[in-house]
Amino acid sequence: MTVDPRTPVLVGAASATQRTDDPRTAREAVGLMVAACEAAAADAGRADLLRAAGLVLTPRGTWRYQDPGRLVADRVGASGARTLLADLGILQTTLIARAAAAITAGDVDVALVVGGEAKWRDLRASITGVAATSTDDTGATPDEVIRPEGMIISAEEIGAGLVTAVSQYALVENARRRADGQTLDEHARAVAALWAGFNEVARSFPGAWNRQPMSADDIRLEGPGNRPLAFPYNKWHNAQWNVDQAACLVLCSVAAARSHGVPEERWVFPHAVAESNHIVPVSRRAVLHRSPGFAAAGAEALGSAGVGVDDLAHLDLYSCFPIAVRVQAAELGIGPDRTLTVTGGMTFGGGPLNNYVLQSTARMAQVLREDPGSLGLVTAVSGLLTKQGVSVWSSRPPAAPCRVADVSERAAAATPAVDVVTGREGPATVATYTVRYGEDGAPTRAVALVDLADGPRAIAVSGDPGLASAMTAEEFCGRTVDLDDGGGFSVRG
């Protein structure tokens, strides 16, 4: 097959991990990013690719750098590169799509997509009282900044204290349990079994942050090392972001890959990229356990690549919480017998904030090289299952040029929303709920999304520890409760 010389191809992919307890000897986040770039160039077999980079794209992390792409570019010898910074709320898939589009258009020949975190270093600095210094680039300005449009968390959710990811994902998880007709125990066991499978993958992946074996019971049962966070989630259901991890993807044109002498056995092609950026806050989603945006993005990506879901040999579904994986698998039509991660996921492989998709894509490239000609699918989430990204990859060239598509309009048409109101009194039906815990692990606060008889929804909060405890032991989805005008609720009867 003759390949267009402007076809984008991933030629170098690598991650960098450190686990140093002394923050004085640990690299800062940008140092880890540089290390990942150097490892990716070594993966391609051509160190000069870094100096040839014309574009460096970086997702924002928890760090304070103003233009991390410039810091990286200068340190790898690509001082002439343009830099792009994507704020929180932008899909990481967007950066890969931007790089591929720039290469296809001839704007650049080589692009670096790189990001990373040093949260473990920061945590150790806090625990030990040792200062962990970082590069100060105050006043620096990226050549381009991409910012999200719209509110991922609504004003009503903020007012009710629904500001943590674990609380919001727990709402979706409990709604899914009700939709599946499971008891609390059946559901807890099914979710724990899923996550134990992710742990098994992490054990065999040298780049995973946590390779400690964990059984389904280790994940399901509360304990000193597995504190409850938001019902039904414990610590080991949760993405672990206190990690020191970075990743770099080196993409270039086929012409540049050839001119730099990158062996073809290192090439991995993006066949299609699709994403939805339509925003509906969780409380406004009429159907809480679904994600039509993933159905639309998946159909578009697979259709553009000319393949079906059963043609995919390898999968990595974004894995911040079990419900994210479960919803994606359902929307994409992926059966329960499939292995859904190549890294071990964000709980065990590691979940650096706003950078995991670079980690998973780097690992996917390695897997696809080891299985030449096979197809892999990588997904991305931004927000609270708010935005959805799907990409298809293979070591074999695409039959048609890589298509990048935005399916936001399709997602919007398929995602019914409801109004959320405040100050209502009287009976309402619990659509879903979660419970938060105190420092001692005791249930202290319940938050419910409730549907009113005349159509809208409300967010109700109870600080009654007895009620909160009961909601962890009994099914409350579908129950009738009484609202008061202060935003609280009580059990009817």
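Where a number appears in this text, it was derived from the coordinates with a stated rule and is not lab data. This one's a predicted model, so the numbers in the text were calculated from it and none came from an experiment. Backbone-built Cβ (ideal geometry, glycine too); neighbour counts: all protein chains shown.
In the chain, the calculated helix contribution to ellipticity at 222 nm averages -10000 deg cm²/dmol per residue, counting -39,500 (n - 2.57) for every DSSP H run with n ≥ 4. Given their separation in residues at 0.36 nm each and the Cα-Cα distance between them, Asp371 and Arg211 gain 55.2 nm when the chain is fully extended.
Tell me which of Ser395, Gly197, Gly306 sits at the most positive position along the dipole axis of the chain, charges placed on C-beta atoms (Lys, Arg +1; Asp, Glu -1). Checked the options; the winner is Ser395. Report the paramagnetic label zone for Thr183: residues of segment 466-482 whose backbone N is under 19 Å from a point 7 Å from Cα along the Cα-to-Cβ axis. Under cut-off, by backbone N: 470-479.
Dividing the mean sequence gap of close Cα pairs (under 8 Å, 6+ apart) by how many residues segment 410-493 holds gives a relative contact order of 34 percent.
Once the Kirkwood radius over Cα pairs is known for segment 325-384, the Stokes-Einstein relation at 25 °C and 0.890 mPa s delivers a diffusion coefficient of 195 µm²/s.
For Glu200 and Val309, the FRET efficiency from 1/(1 + (r/R0)^6), where r spans their Cβ atoms and R0 equals 22 Å, is about 0.45.
Residue-normalised convex hull volume from the C-alpha trace of segment 345-493: 177 Å³ per residue. Compared with the dominant principal axis of the Cα atoms in the chain, helix 29-44 is inclined by about 50°.
In segment 426-491, the alpha-carbon atoms span a convex hull of 69 Å³ per residue.
When the alpha carbon gyration tensor of the chain is reduced to an equivalent ellipsoid, its three semi-axes come out at 39, 25, 21 angstrom, largest first. Seen from a random direction on average, the alpha-carbon convex hull of segment 299-402 projects onto 6.3 square nanometres.
Between Leu162, Asn355, Ser276, the Cα set farthest toward the positive side of the dipole of the chain (charges on each charged residue's Cβ, about the Cα centre) is that of Asn355.
Dipole magnitude of the chain about its Cα centre, charges +1 at Lys/Arg Cβ and -1 at Asp/Glu Cβ only, in debye to the nearest 20? Could you put the intermediate results ahead of the total?
On the way: 44 positive and 55 negative charges, 129 e Å.
In debye, rounded to 20, the chain gives about 620.
In summary, the convex hull built on the alpha carbon positions of segment 373-450 has an orientation-averaged projected area of 10.2 nm².
Since only Tyr433, Val481, Ala468 are under comparison, the one whose Cα sits farthest along the positive direction of the charge dipole of segment 426-491, derived from C-beta charges on Lys, Arg, Asp and Glu, is Tyr433. Charge dipole (Cα centre; +1 on Lys/Arg Cβ, -1 on Asp/Glu Cβ; no other charges) of segment 426-491 amounts to roughly 140 debye. In segment 132-279, the inverse of the mean reciprocal separation of distinct Cα atoms equals 20.2 Å; this is its Kirkwood hydrodynamic radius.
Just how large is the dipole of segment 8-68 about the Cα centre, in debye to the nearest 20, putting +1 at every Lys and Arg Cβ and -1 at every Asp and Glu Cβ? Walk me through the numbers on the way to the answer.
Details: 7 positive and 7 negative charges, 22 e Å.
Dipole of segment 8-68, to the nearest 20 debye: 100 debye.
Fewest-first ordering of Met33, Met346 by other beta carbons within 10 Å of each residue's beta carbon gives Met346, Met33.
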